[in-house]
Structure formats: structure tokens, C-alpha cells
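The values are calculated or read from the model by the stated rules, or taken from the named source; none is laboratory data. As the structure is a computational prediction, the values presented were derived from the model and not from experiment. For neighbour counting, all protein chains shown are included, and Cβ atoms are generated from backbone atoms with ideal geometry for every residue, glycine included.
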Amino acid sequence: MKKYIILFVFLQLFLNLKAQWIIQDSGTPNWLNSVNFINENIGYSVGMYGTVLKTVNGGNEWVTQVIDINSRLNTVFFINADTGYIGGADGIILKTIDGGNNWNIQNSNTTELILSIYFLNSNTGFATGYGTILKTIDGGENWVEQANGISSSITINAVHFINLQTGYLACNANKIYKTTNCGLDWILINNGITDGSILKSIYFINDTVGFVASNGTIWKTINAGNNWTVTDLESWGGINSIVFNNSDTGYAVGNIPEPDGRGVIYKTTDAGNSWTLQEIISNKLSSICFCNTTNYAVGDFGHIRKLSNTTEIANKKTFKLNIFPNPIINSLNILSNDKYLGEGFYIFDVTGRKIYSNIINERTMQIDFSQFHSGMYILQIDNKENEIYKLIKK
């Protein structure tokens, strides 16, 4: 009976926490700030020093596109296979109409940093950044300041529209703005967030249900922004980007605060009512997107990773590390096979602080947990899969 209980706990941990992300070779050491896919094959990522990458085979190969710009690029948004936009430092807005073969600088009428671009159709789009929100109604030929109701001191980190009239802005100082007339006016929402959070990402899955991500928390509304409830992410640091694959399943990426500075991936399977830490990685993560059945995430040092949701369950079967009991009373047992021998592992507390490290040098190991306080811990295997396990100490 004990054997089956252990196996059940192990399988539950995996189903709740682990999916198989595959690291891709971007060909660049530069920090990547944004990723956007048009279909299952064609995608783009942009970043520091004028970096623009394109793939035509689902990320198996990334090719650097040559542009005559060496500035920071923060956001990329494509409306179809041919037409896309990039925003960056000094008010830079670039446009392509030939699938990224050529990029032309547009007159944005601002020198402020552009952080987010969102288009409703081929003509109407918005660009936001430091104290500015711009609107175009002619495909980016002209950009006009559209900040009625917004302070010029507010940094607008993200813009998201749910239809041709209704859109939202995620800003610094825990502010969320809403428009119901396509940006002619922006109304400050009383969202109940009072901790001075930097809201970096906003995403709606339908007309009423949406999410904003901030410093270690994700906020949810089910009534079009009138009220927001919070999920605390165990103080694992800031969330930079959030996306939903469907009405139930979503991902959020970010990083643990310095000096640790590693990346985190959270997942929800219950429409954002709860979020599970899925993975801790060595690279900070800036952006995540979803297209068809695949997620892509990008971050520092040219890091790109891909998750194909059609193969997630099959990949889980390859892991055979047994950890018990969980919850832990005094001691934690680790049972492994030859695959893990010689691999290092780490245990972190909820602040991201490493509290224990060792090497799996035998099939059965025991760790003394009596010295640790009650609460949640994370065990990470230092292998190419970056396997993680959630531990609870009673």
C-alpha cells in the first residue's frame, strides 16, 4: 500500500508541476524582450542592440534580420504573415509589409521608450510606453497622442484590447486604465491594488475575464475590471508576461529578485484561480506567447524555449525520480535510477534562497529536514530538463 501511495504522490506532483520545455538555439547572446508567432511555423523575437530574429520552422532555426538600428527593442506584434510592428527606445516604431525582409522607421512623434504595441486590425493600433499612449488609424503612417485621462508621469507597460472599442492598460504604481471608445478616453479603474505594484502584463480571455501580473502576484477580474482578486505566487519575484492557451490553461513567466535572478514559469489549469510553479531556470524570462498548440518564452542571453502541449504528457513518463514523504515531517527520501546518478540538485525556500545542495551519488538518499521551518520548498534537479518538485514541510 505504501508503494502505491508514494507513486500517487509522485504522479500528482508531475501532473501539477511539470511540462517539457525544449531550449532552442537563438544564435544571439542578446537579451530578448518580446516574442510573437503568426502560425505554427513563423515567429519573431526582438531584444537589445537592435536584435530581430525570425523563424520559419517553429523555432528549430532562428535567423537574425539585419536592421540599421542598434537600440533596445521591446515589443513585436504581427497582424498577419506580411505586416508587423516593432517598438523600442527613443520612440522607435518599425513596420514591415513583406514578412520582415525589410523594416521601415515610422514617425511616432515621440522620443519616449515604447514598451507595448497592439493592433486591432490592419489600420488601428496602439503603442504605449513612458508616459505616452499613441494611436494610429492608418496602419502606422501617422501616430497621435491619445492619453486623455492619463498622467504623463505614468509608465504604461502593456496594452490589450478585447474588441474594437474596449481596451486596457497595465501601468506602474498599480494603475489599470480602461477605454470603451477605442482610446478616445481612458478611465482609471479602482482595482484594489494598493502595494505600489508595477503591472507589467495584462491579458483578457474574453469580454469579462482578465488578468494582470505584478510583483509576485497575479490579479484576476471576472466582471470586466470592476473588481480584482489576487493570487500570491509565494514571493517568487516579478511576473513579466502572461498568456492563456484557452479559458482554463495559462502561463506566466518572470524572474526571482536579485541577487539570484533566475527565471520562473507558472501554470494554471483552473482559469487562473490558482497558479503552480512549474519550473525554475537559470535564465530570466521576459515574454511568453501562444500559437495553435505551442508556447514560446524568451529572456536574457538570447534564451528561447518552446513547449508543445501535444507532447507534454508523453514527455512526463520519462521521469522516474521518487520523492517521499510529502508533506515532510523530519526526513525526505529520494529514490532514483541510473539516469540521475551524478546529477546535482538544490533545495530553495519560497524567497528563492538556496538552503541545500548535494549530488545524487546513490539510488537511495535521505535529507534531514528537521532543521527547516514549516512551509513550501522547491527541489530542482540540475539536468537538461531542469526538473522541479514541490515540497511541503509540516
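For (1) modelled with pLDDT of 85 or more; (2) over 21 Å from Ile329 (Cα atoms); (3) not hydroxyl-bearing (Ser, Thr, Tyr), each residue gets a yes or a no:
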{"site": "Ser357", "(1), (2), (3)": "yes, no, no"}
{"site": "Ile360", "(1), (2), (3)": "yes, yes, yes"}
{"site": "Ile378", "(1), (2), (3)": "yes, no, yes"}
{"site": "Glu387", "(1), (2), (3)": "no, yes, yes"}
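For the stretch 27-41, the count of residues that are out of contact with any helix residue (DSSP H, G or I) (no Cβ under 9 Å at 6 or more places or on another chain), closer than 26 Å to Tyr118 by Cβ, surrounded by fewer than 21 Cβ atoms within 10 Å (Cβ to Cβ) and at pLDDT 95 or above is zero. Looking across the stretch 77-101, the residues that are more than 17 Å from Ile38 (Cα to Cα) and touching a strand residue (DSSP E or B) at 6+ places or on another chain (Cβ under 6 Å) come down to Gly87, Gly88, Ile93, Leu94. Only residues that are among the small types (Gly, Ala, Ser), surrounded by 15 or more Cβ atoms within 10 Å (Cβ to Cβ) and either modelled with pLDDT of 95 or more or in a loop (DSSP other than H, G, I, E, B) (or both) were counted in the stretch 268-325, giving 7.
On the stretch given as the stretch 176-211, residues that are within 23 Å of the chain's Cα centre (by Cα), modelled with pLDDT of 90 or more and not β-branched (Val, Ile, Thr) total 11. The set of residues in the stretch 341-366 that are without any contact (Cβ under 8 Å) to a residue 40 or more places away in the chain, in a strand (DSSP E or B) and in contact with a Ser or Thr (Cβ under 9 Å, 6 or more places away or on another chain) comprises Gly344, Phe345, Tyr346, Thr364, Met365, Gln366. Against the test of being surrounded by 21 or more Cβ atoms within 10 Å (Cβ to Cβ) and either polar (S, T, N, Q) or out of contact with any helix residue (DSSP H, G or I) (no Cβ under 7 Å at 6 or more places or on another chain) (or both), the options Gly196, Gly210, Gly192 yield a single qualifying residue, Gly210. Entry remark, the stretch 139-175: residues being at pLDDT below 90 and on the phi > 0 side of the Ramachandran plot number 3 in total.
Does Ser122 qualify as being surrounded by fewer than 19 Cβ atoms within 10 Å (Cβ to Cβ), of a type in the set (Gly, Ala, Ser) and either over 24 Å from Gly196 (Cα atoms) or touching a helix residue (DSSP H, G or I) at 6+ places or on another chain (Cβ under 6 Å) (or both)?
So Ser122 fits the description; yes.
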